[in-house]
Each structure stands twice: as C-alpha cells, then as structure tokens.
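A short write-up of the structure that comes next.
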Amino acid sequence: MPVILCRNLTKVFGKTPALDKLDLTVDEGTIYGFLGPNGAGKTTTLKILTGLSQPTSGQAWVDGIEVQPNSRHLQSRIGYLPEEPSFYTWMSAREYMKFVGRIFNLSPGENDRRCDQLLELVNLEEAAGRRIAGFSRGMRQRLGIAQALINRPKVLFLDEPSSALDPFGRAEILETLNRLKAEATTVFLSSHILADVERVCDIVGIIDQGRLVIEASVDELRRRFARSVFVVEFEETAPAFAPLLDALPWIERVHTEMGTEGARFSIRVKDMVTAKQELPRVVAASGFTLRRYETEMPTLEDAFLQLLGRKDSNA
Amino acid sequence: MHSLRVMLHNELRYQLRSYRLLIVAAVFFLFGLGTPLLFNYLDVLIPAEDFVLPEFTATDVVEEYLSTVAQVGMLATILLAMGIVASERDRGTAAMTLSKPVGVGAFILAKFLALSATLAAGAIVGAAGAYLYTFVLFDDPGAGNFAAANMLAWVYLVFATSLTILFSSHFKNQLAAGGLALVILIVLALTSGLVVMREFSPGALMTEAQSLAAGAGIQNWGVVAATLTLIPLLLLAAWHVFRKKEL
Ligand SMILES: Nc1ncnc2c1ncn2[C@@H]1O[C@H](COP(=O)(O)OP(=O)(O)OP(=O)(O)O)[C@@H](O)[C@H]1O
Ligand SMILES: [Mg+2]
C-alpha cells in the first residue's frame, strides 16, 4: 500500500516552476532516497507533503490522508526535519523537546521519557540543558532529528538530515533509520550525500527540474549506470602500457595519470566479462611492477552523474 | 483548544524569559511614577522668576499620564508586535511549529493573548504607580474613573497589537509591518476629532479615556464598540492572510 502518493503535483513560484507534474509512490516501510541537483524541487516537495506549502495543482496523499495545508490530522502522524531546522533559541534543547511533546499531547510522564530517550539517541543528553542559541549547526540538526521523532511518526520526512553531521552523527542517524524501518516507519529523505543514501535507502528517486527522472532500487541503479572501470597502478612510470591497451577491442577508454612515483590507469571497458579475464594477462605481460589492481565499485554517484548528464567523473 | 493552551503557555513563557514583561512593566512604572513627580517638582526644575507656573491638579497629572500611555505605550506595542509573526516566518521557527498539529489560529491567537497580557501587566503597574503618587502629591484622582480610563487605554493598546499582528502576518520584513501599523495609528489619532471618526474611530478611544478620567463618562459608546469589534476582525484577517503564506 502506498504511504506517499503524489499525482501531477505542480508548484510554480511566480514564474519559476519548482515542481512539474510530479508523480511519486512510496510504499509503507521503505526508506526512500529523494535525490536531485540543487533547485530540483526536493524541499518544495517536502514542504507540500508536510502541509507547509500549497501546490499550484495536483494532489498528494500521505498515509491515506489527502494533503491539505496545515492539516492537523495529517501533521499528527508525520515527523519533519526541515533543511535548516530553526528553534526558539531562548529555550534549552530539553525545553524545546518538551514543548513539541506537549503539542502532540503526550502525557507529562510519557513526554519526559520520550525526550530523554530521543536526546540520548541523538547524543545531546549532555547539552540538553543548554540554550539552543549556543548550539552548533550539527547540534541543531541532531535536535531537529530528535524533535521529528517525538510522536513516533508513521512517515518521517527528512530534508538533508546528515548535511551538517560529523561521521559519528551520520553513522548514528543511518542506524536509527534502519531501526525505524524495522518498526514499519516510512522514511522519505532528501540528500546530497550519496554514500549515505546508498547505505540506507531501499528505493531512490531522482528528480530534476521538478520531474522524476528515474525511480529504482540502489542495486538496480548501480547495475544500470555503473561504469565498468578498472584501476591499475604501477610502481614505475609506464608510458608503454596505455598503447598496449588501445589495441584491444574490449577497451573503451584509458585515462592515464603519470607521476614521479609511478603511474595510475583508469580503464573503462566495453565488456566486463572479457576484461576480467584478459586484463590481468595484459598487466602481467607488460612487465611493469604492479602496485594496485582493482575493479572500481560502481556507485550511486555514477548513476546520478550519468543520468543528469553532467560532466563525467574521473574515468 | 489543546494546541492553543500549549502555544499560549509557550508565548507567556517567552514574554517572561525574553524580559519583555519586565521591560514593559518597568517602562510603565517609570511613567506612572514620573508623571506625578515631574508635575510636583516642576517649579524646582524650572525656577520661575519672570513667569508663574500654573497650579497643577490631579486631573492634569492623570491627563498627562494617559497621553503618555497612548504615545509611548503605542510605540512599545508596535515594537513588541511587529516581529511577532514576521520574524518567526523569516527565521523558520513558524515552519517548525506549523508542521506539527498546531493551527494557524492557535499560533496567532496565543501571540495576541500573551502580548495583551504583558501590556495589561504594564498598564496595571503604571496605573498603580500613577494613582499612588498622584494621591500623595496632589489629590485623589478618583479610583473608579481612573481605573476605567486605564482599562480603556489598555484596550487601545490591544487594538494596536491586533493591527500590528495583522501586518506582521503579511510582511516578512518586520520593519514594514511596524512602519505601516505606526502610520495607520498616527492617522487614526490625527483624524479622531473629525465627524464620524469622533463617534466610531478607535483613534478616538484615548479621548474617551480622558473623558472617563475627568469624570465625564464615555461620550461615544460607538468608539468603544467599534474598537472591540475591530480587534477580533483584525485577528481574523491576520489568520486569513497567514494561512496562505508559504512557510
Ligand atoms: N519561496 C520560494 N520563492 C521562489 N522560488 C522558490 C521558493 N522556494 C523554492 N523556489 C524555487 O523552486 C525551485 C526548487 O527549489 P527547492 O528548494 O525545492 O530545491 P531543492 O531540490 O530542495 O534544492 P537544494 O538541493 O539546493 O536544497 C528552485 O528553482 C527555487 O529557486
Ligand atoms: Mg532543498
């Protein structure tokens, strides 16, 4: 059953189109990664789905409820972390959490428990009594994540949840998301940190200029868009190696980096199977001292860059 | 109802924690004490040799205090209210709150009620100081009339609050909101003596307050009725305007 459904969602700011007939379906219990270049319309979509902004046309449903601006029915079952979370800075972190808990009508005891639990989850228990005014960007993002979870939302909307987090924070949030998924929470997150998306998201949707370009699982995207690239490094500068490869039919392109310390070849191939068998032989026959030999893991970034037709990465 | 209670609790706490309540009370207290003191020691402050200072009465002192409330109190109200919604929208805190099950109505009403309460506290403290010192240094200004007049002055400030909140809900720039509210309040005050306006304009409310203080009672009930009607209407307009905003 789809938990998030967008039909022909369109949003125009003056003359700027932000969303152009966006169709989107997210199933229950998935972690959905919403990607796209700057200005693609990710934040706009999240704002509409959380009832903060009105679409110019089109409809959307979240957990079976039609999305209406400021609909309390909808808002009581979602959690939302904005792109730049902003708090009443005269409050302490704990006070803000309690305030949010009261909005959701938690009983005082439940509210206390929930606040402590979540502040601990985002590692803010020590700073909980301090005024938010003195919080760093990452601390604010942590608090933003904690407040979005207070009502045990059915659907969690996160706009770039890890953009300001340190590596520990990122690992923690990914772990939290996986745990939420186990509790059947649907997570809809936008991000530019593709490594994170790869690690947690089941499905990825890529949006560009307000339209969905593709929607697929991370594995499928990798398979479809991964460049087949081998990396070979020699101890010596090996000028004779590239011409050796150029003659072979299964080679597509070779990118050479020569240094005083040796040489690095990024080799893109047409036929992965043949390459896997043949390339080691070519390397051995070349007589150079091998330092490193590997197949580059295909990444989501490759898919992203290729799909959106921006400049190719290093190969 | 529940969210209004939560929001109101929060706004009241803000009035306290941001020292708004304290500052407003201090300002009113200063004028409350200052006005009778000034009138009493005017002869010391301005040594009269060539001319004779008139003898001031309790009525003069009260009249002066009320017009101070109308002017300084109005400016303070605008300063306190102009950013009340605008700055929350600008900073993004409104989006945080309104993405949760809190209605725009509760959001705005809580702010209005909290600021009105702060102004009430200020008005009470100021009036108490003014009454006491006028009583001691001059004469009894008449507790009932004095209280009623101050109540009306407070209603005037509440009207200024609702007007400023309307503009604060419309503009993201709080100076624009405050500026427009100021211009309108000044125009209302300047035109308060004209025909129809004298009978129905909120700008004439302070004239009625003065009349009450002087013991002449309210001359135009239409002024009071119009103001009391306009306050909820302005809030309703604020709700209507803010509901349509992108957060
Ligand atoms: N309040 C607004 N007024 C005018 N234009 C807007 C507004 N909000 C967004 N836009 C425009 O809508 C488009 C989509 O913006 P949006 O913020 O949704 O992008 P995004 O995908 O979140 O980008 P980013 O990755 O940079 O966060 C952009 O062209 C942006 O300029
Ligand atoms: Mg964005």
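If I filter segment A:14-36 down to residues being assigned to a loop (DSSP other than H, G, I, E, B) and either away from chain B (no Cβ under 14 Å) or within 11 Å of ligand 2 (Cβ to nearest atom) (or both), which single residue comes out as least open to solvent (accessible area, probe 1.4 Å)?
The first filter runs over segment A:14-36 and keeps only residues assigned to a loop (DSSP other than H, G, I, E, B), leaving A:14-15, A:28-30, A:36.
Subsequent filtering for residues that are either away from chain B (no Cβ under 14 Å) or within 11 Å of ligand 2 (Cβ to nearest atom) (or both) retains A:15, A:28-30, A:36.
Details: A:LYS15: 195, A:GLU28: 84, A:GLY29: 18, A:THR30: 23, A:GLY36: 1 Å².
If we take residues in segment A:14-36 being assigned to a loop (DSSP other than H, G, I, E, B) and either away from chain B (no Cβ under 14 Å) or within 11 Å of ligand 2 (Cβ to nearest atom) (or both), then A:GLY36 is least open to solvent (accessible area, probe 1.4 Å).
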Check your understanding: For segment B:210-224, does any single residue satisfy the condition of being within 19 Å of B:LEU75 (Cα to Cα) and buried (at least 22 other Cβ atoms within 10 Å of the Cβ)?
Key -> no
Point to revise | Where B:ASP90 falls short, out of the listed (1) within 14 Å of another protein chain (Cβ to nearest Cβ); (2) crowded, with 18+ Cβ neighbours inside 10 Å | key: (2)
**Study point:** Filtered residue count, segment B:95-109, keeping only those that are open to solvent by less than 10 Å² (accessible area, probe 1.4 Å) and more than 7 Å from chain A (Cβ to nearest Cβ)
**Key:** 3
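Going by the conditions given, is A:GLN75 within 16 Å of ligand 1 (Cβ to nearest atom) and either under 30 Å from A:GLU125 (Cα atoms) or within 14 Å of another protein chain (Cβ to nearest Cβ) (or both)?
Numbers: within 16 Å of ligand 1 (Cβ to nearest atom): no; either under 30 Å from A:GLU125 (Cα atoms) or within 14 Å of another protein chain (Cβ to nearest Cβ) (or both): yes.
No; evaluated as a whole, the condition is false for this residue.
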Practice item. Would you mention how many residues in segment B:51-60 are assigned to a helix (DSSP H, G or I) and either within 14 Å of another protein chain (Cβ to nearest Cβ) or among the acidic types (Asp, Glu) (or both)? Key: 1
Point to revise | Failed criterion for B:ARG17 (all others in (1) in contact with a Phe, Trp or Tyr (Cβ under 9 Å, 6 or more places away or on another chain); (2) open to solvent by less than 80 Å² (accessible area, probe 1.4 Å) hold) | key: (2)
Revision key, fill the gap. Among the residues of segment A:140-162, the number that are in contact (Cβ under 8 Å) with a residue 60 or more places away in the chain and within 16 Å of ligand 1 (Cβ to nearest atom) is 7
Study note, to complete from the structure: Taking segment A:204-258 and keeping residues more than 31 Å from the chain's Cα centre (by Cα), surrounded by 19 or more Cβ atoms within 10 Å (Cβ to Cβ) and either within 16 Å of ligand 2 (Cβ to nearest atom) or free of Cβ contacts under 8 Å to residues at least 40 places away in the same chain (or both) leaves A:LEU245, A:ILE251
Review point. In this structure, does A:PRO108 turn out to be more than 16 Å from ligand 2 (Cβ to nearest atom), within 14 Å of chain B (Cβ to nearest Cβ) and surrounded by fewer than 21 Cβ atoms within 10 Å (Cβ to Cβ)?
Key: yes
**Study point:** 3 or more residues in contact with a Ser or Thr (Cβ under 9 Å, 6 or more places away or on another chain) and within 14 Å of another protein chain (Cβ to nearest Cβ): qualifying helices (runs of 4 or more DSSP H) within segment B:1-50
**Key:** B:2-17
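Among the residues of segment A:37-59, which ones are more than 16 Å from ligand 2 (Cβ to nearest atom) and either buried (at least 22 other Cβ atoms within 10 Å of the Cβ) or hydroxyl-bearing (Ser, Thr, Tyr) (or both)? Write out each step before concluding.
Of the residues in segment A:37-59, the ones more than 16 Å from ligand 2 (Cβ to nearest atom) are A:51, A:54-59.
Hits for segment A:37-59 are A:GLY51, A:PRO55, A:THR56, A:SER57.
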Review point. What pairs can you find where one residue is in segment A:30-48 and of a type in the set (A, V, I, L, M, F, W, C), the other is near ligand 1 (Cβ under 9 Å from one of its atoms) and open to solvent by less than 30 Å² (accessible area, probe 1.4 Å), and their Cβ atoms are less than 6 Å apart, with a gap of 6+ or different chains?
Key: A:PHE34/A:LYS42; A:PHE34/A:SER190; A:ALA40/A:ILE207; A:LEU46/A:ASP159
Check your understanding: Can you name the number of the only condition in (1) modelled with pLDDT under 95; (2) open to solvent by 30 Å² or more (accessible area, probe 1.4 Å) that A:LEU180 fails?
Key -> (2)
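The values are calculated or read from the model by the stated rules, or taken from the named source; none is laboratory data. Treat the numbers as computed from the prediction; the structure is a model and nothing was measured. Here Cβ is always computed from backbone atoms with ideal geometry, including for glycine, and neighbour counts include all displayed protein chains. We work out accessible area using only protein heavy atoms, side chains counted, and drop any ligands, DNA or RNA first. Shrake-Rupley method; radii C 1.70, N 1.55, O 1.52, S 1.80 Å.
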